[in-house]
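Step one of this worksheet: look at the structure below.
A short reminder: the numbers here are calculations on the coordinates, not readings from a lab. Predicted model only: the values in this text are computed from it and were never measured. Ideal geometry is used to build each Cβ from the backbone, glycine not excepted, and the neighbour counts take in all protein chains shown.
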Amino acid sequence: MTTITFDPYPRPYDGDLTPANTGLIMIDMQTDFCGKGGYVDKMGYDLSLTRAPRDPLKKLLAAARKAGWHVIHTREGHRPDLSDLPPNKRWRSRQIGAGIGDPGPCGRILVRGEAGWEIIPELAPAAGEPVIDKPGKGSFCATDLELMLRTRGIDNLVLTGITTDVCVHTTMREANDRGFECLILEDCTGATDKGNHLAALKMVEMQGGVFGAVANSTAVLEVLS
């Protein structure tokens, strides 16, 4: 039996944690969310908060690859013609000075193919690691992520990336409802607001782990070592 110790109880519940059935999900580690001149930077938020997961993620990613875990990356972004961008989403972004689809220092904001949309080099996908391109917050909406997980036999998800309270949390909720065992890593996630980050983690632990569980990456590295 292999589990990882975390709050509120060890996961996975059945003790069946193997490289074959475990996926490390790297959510939206893109320049637009944690790089200079990107979407979050243009909105005026403190980039140190969304850049905080980078170093822990580098260690975790290397260990997960060595152990043979599945690694899946996601990117949020819209088609260049913006045909998959809801009008209200674009309107909201413009109210805070970072209109999706508008020109920015890293190209058109949150548009596929632009420099800001790319995953940061230090966490770039390796050959053979799939990338899920999503138009919204959740990684399951309008993507083939669930099909990919089912066909690969992945039951256990380790969720990382940015932002904790938006894209990571939405993905975790979607996955939980689909019956996947979910673990979110507190030091491998980050948000534009520290309080939101902490609140999002607390929500996971409530009601006996209503969406999954929370751990530090050191607990995962111990299992992978």
Worksheet item: Tell me, in nm to one decimal, what length is gained between Q95 and N216 on full extension, where the rule is 0.36 nm per residue of separation less the Cα-Cα distance?
Response: 40.0 nm
Discussion item. Quick one: 3J(HN,Hα) in Hz for the range 134-146, Karplus 6.51/-1.76/1.60 with θ = phi - 60°, rounded, Gly and Pro as x.
Written reply: 10, x, x, 6, x, 7, 9, 6, 6, 9, 9, 4, 4
Worksheet entry | Distant-in-sequence amide H partners of C188 (H built 1.01 Å from N, under 5 Å) | S217
Worksheet item: Relative to the present Cα-Cα distance, how much length would full extension add between A126 and R54 at 0.36 nm per residue of separation?
Response: 24.3 nm
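Based on the Cβ-Cβ distance from A62 to T151, what FRET efficiency comes out when R0 is 25 Å, to the nearest 0.05? Write out the running numbers ahead of the final one.
On the way: r = 26 Å, r/R0 = 1.04.
Calculated transfer efficiency: 0.45.
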Worksheet item: HN-Hα J couplings of the range 76-89 from phi, Karplus 6.51/-1.76/1.60, θ = phi - 60°, integer Hz, Gly and Pro as x?
Response: 8, x, 10, 4, x, 7, 6, 5, 10, 9, x, x, 5, 5
Response to the item:
Taking a crude spin-label model, label points 7 Å out from Cα along the C-beta direction, the A115 to L198 distance in nm is 3.7 nm
Fill in: Crossing angle, helix 54-67 versus the chain [Cα axis fit, 0-90 degrees, rounded to tens]
50 degrees
Fill in: Where labels lie 7 Å past Cα in the beta-carbon direction, separation of M206 and Y13 in nm
2.0 nm
Discussion item. Longer than 30 Å from Cα to Cα, which of K42/K194; K42/K66; K36/K59; K66/K89; K66/K194 are they? Say none if no pair is.
Written reply: K42/K66; K66/K89; K66/K194
Item to complete: Rounded to the nearest 10 degrees, what's the angle between the helix 194-209 long axis and the longest principal axis of the chain, both from Cα atoms, 0 to 90?
Response: 40 degrees
Worksheet, complete the sentence: Among [x] 1.15; [y] 0.97; [z] 1.28, the entry matching Cα Rg over 2.2 N^0.38 Å as calculated here is [y]
Item to complete: Evaluate E = 1/(1 + (r/R0)^6) for L47 and D102, where r is the Cβ-Cβ distance and R0 equals 22 Å; express this FRET efficiency to the nearest 0.05.
Response: 0.65
